[in-house]
1. Looking only at region 89-108, decide whether some residue is under 29 Å from residue 22 (Cβ atoms) and surrounded by 20 or more Cβ atoms within 10 Å (Cβ to Cβ).
2. Give all pairs with beta carbons closer than 6 Å in which a residue from region 14-42 that is of a type outside the set (Ser, Thr, Tyr) meets a residue that is exposed (fewer than 14 other Cβ atoms within 10 Å of the Cβ) and not in a helix (DSSP H, G or I); count only pairs at least 6 apart in sequence or on separate chains.
3. Only one residue in 390, 277, 301, 378 is under 30 Å from residue 221 (Cβ atoms), among the hydroxyl-bearing types (Ser, Thr, Tyr) and buried (at least 17 other Cβ atoms within 10 Å of the Cβ), so which one is that?
4. Taking residue 307, is it hydroxyl-bearing (Ser, Thr, Tyr), touching a Ser or Thr at 6+ places or on another chain (Cβ under 6 Å) and at pLDDT 95 or above?
5. So is residue 350 modelled with pLDDT of 95 or more, surrounded by 12 or more Cβ atoms within 10 Å (Cβ to Cβ) and over 29 Å from residue 113 (Cβ atoms) or not?
6. So which residues in region 72-83 are in a helix (DSSP H, G or I) and either of a type in the set (A, V, I, L, M, F, W, C) or farther than 13 Å from residue 15 by Cα (or both)?
7. How about region 184-228: which of its residues are of a type in the set (D, E, K, R) and closer than 30 Å to residue 298 by Cβ?
8. Could you give me the residue pairs with C-beta distances under 8 Å whose first residue belongs to region 279-293 and is at pLDDT 90 or above, whose second residue is exposed (fewer than 10 other Cβ atoms within 10 Å of the Cβ) and of a type outside the set (Phe, Trp, Tyr) wherever it lies, and which are 6+ apart or on separate chains?
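The values are calculated or read from the model by the stated rules, or taken from the named source; none is laboratory data. The structure presented is a predicted model; accordingly, all values stated were derived computationally and were not measured. Here Cβ is always computed from backbone atoms with ideal geometry, including for glycine, and neighbour counts include all displayed protein chains.
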Amino acid sequence: MGLIFLGVILYFILRGLSRVDQQHWGDFRHFYWAAEAMRIGNNPYLSGEPPRCGYIYPPLIAYLYVPLSNLTMPSAAKVCVFLNLAALLVALIFLALAVLKALRAKVDLFAVSLLTAITFLISFDKIKGELQMFQTNGYILLAFAAAIYSLRRFPMLAGLALGFAFNIKYLVAAILPYLALRRYFRAAIWMAAGILLFAFLPAQLVGFPNETNYLARASSGVLSLFGIHMETKGASIEPIDAGLSISITSSVARIQRDHNISTNPIYISAAIFILWTGLVLYLYRREKISVFATRPSYLMTVIELISLLAVTLCFSPQTNTRHTVLTAAIVTLSAALFLYGKLGRFKWFLAFGILVMLLGLDLPPGNREDAVATTSMTHWHYFGGPMWCTLFATTFLIWAGLKQENADRILTPVVSLIPVEIQQPAAA
């Protein structure tokens with residue numbers, strides 16, 4: 001397993017460097033152009049090749065890439081091959097540490113390495129897509145994993161990590177109200193502080209007025225997907241019904257568009273989300289676990305946070321295939337529950353749910369040169385198939401977590417009920 005894992009890492013390095021030599025930049029060129037524009041005092045949201053600027057993200061990543069913009073684009077891209085791969089590897093290690101701690105399993109080098117390798121190999125295709133496109137979802141996964149690992153002991157670090165992730169992409173926005181509702185107040189406060197800190201960090205280079213304008217552009221583009229339009233011109237974001245988005249919300253928008261239905265797709269998507277939430281609440285009640293507990297156990301916190309990230313992907317107005325690398329968190333947690341949990345036969349139901357998700361993300365087989373595969377994939381993505389399967393797996397993951405929580409509650413009090421005198425008999 002170790003040799004296979006090392007071989008896969010070497011494959012990604014060599015493949016990434018080879019793609020750079022072949023001038024396959026992926027999305028890196030947009031980050032590079034934006035960073036270059038920021039360095040010389042130009043607007044990063046007007047950088048790139050006309051007619052459409054490809055930089056649509058918050059200004060932080062452009063600011064962080066400014067040092068790379070001093071290099072040529074090929075040299076900078078080669079540096080990113082190693083940075084992006086390292087971010088994903090460290091993220092998977094943090095995820096393994098967090099889920100092992102949540103399950104009260106033995107945390108040692110073997111267990112961490114095993115979970116990391118399993119996730120890396122199962123999520124191989126998603127990681128390959130992330131790395132070959134030179135995307136930044138690996139940094140979001142790293143910050144998210146570090147946050148859930150440090151949430152209980154170091155809430156300040158957890159909050160700041162989530163604030164950082166928010167300023168890469170807005171995918172973790174729902175975690176802020178979650179932390180407040182679950183009474184992780186310190187982490188919530190530090191996340192809010194981190195959002196502001198990293199939002200205005202580029203101001204030391206571009207100035208406060210420019211940074212305010214850049215933030216308005218980034219947020220305006222996202223808000224336009226929800227039908228909220230600001231005076232500031234937003235970033236050039238694809239519409240909610242764009243073909244590249246595989247989310248449930250986008251699939252609803254496409255169906256409405258093609259059938260001339262005028263209802264806001266956000267409303268229908270929200271109704272689907274409410275129905276799914278009702279199912280989850282039923283599972284909590286079925287397993288006799290209060291969903292309104294002031295603060296859940298660390299296990300349930302980890303499960304709820306990973307599920308929240310997954311559900312955000314499912315219902316986001318813009319989720320493309322590159323974002324699916326974040327499902328690695330589901331894979332790590334599910335693998336840990338399967339190997340170290342007390343689920344009995346239910347672990348096979350969990351495995352079935354994850355298998356459905358993996359098939360939904362990777363099928364139908366084929367490539368862009370295969371016309372039949374391309375047509376099949378277009379139809380599958382049109383209906384949001386990958387995200388429906390992800391939502392299915394997330395439901396089973398939550399259910400498995402509830403069963404594990406009950407198993408822990410049954411086993412934990414046994415020793416504590418034994419009198420101290422019996423536990424520790426007096427020496428003769």
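1. Checked against the condition, which is being under 29 Å from residue 22 (Cβ atoms) and surrounded by 20 or more Cβ atoms within 10 Å (Cβ to Cβ), region 89-108 yields at least one hit.
2. Every condition considered, no pair remains.
3. Result: 390 is the single residue among 390, 277, 301, 378 that is under 30 Å from residue 221 (Cβ atoms), among the hydroxyl-bearing types (Ser, Thr, Tyr) and buried (at least 17 other Cβ atoms within 10 Å of the Cβ).
4. yes
5. No, not satisfied.
6. 73, 74, 75, 76, 77, 79, 80, 81, 82, 83
7. 186
8. So the pair list comes out as 284/290.
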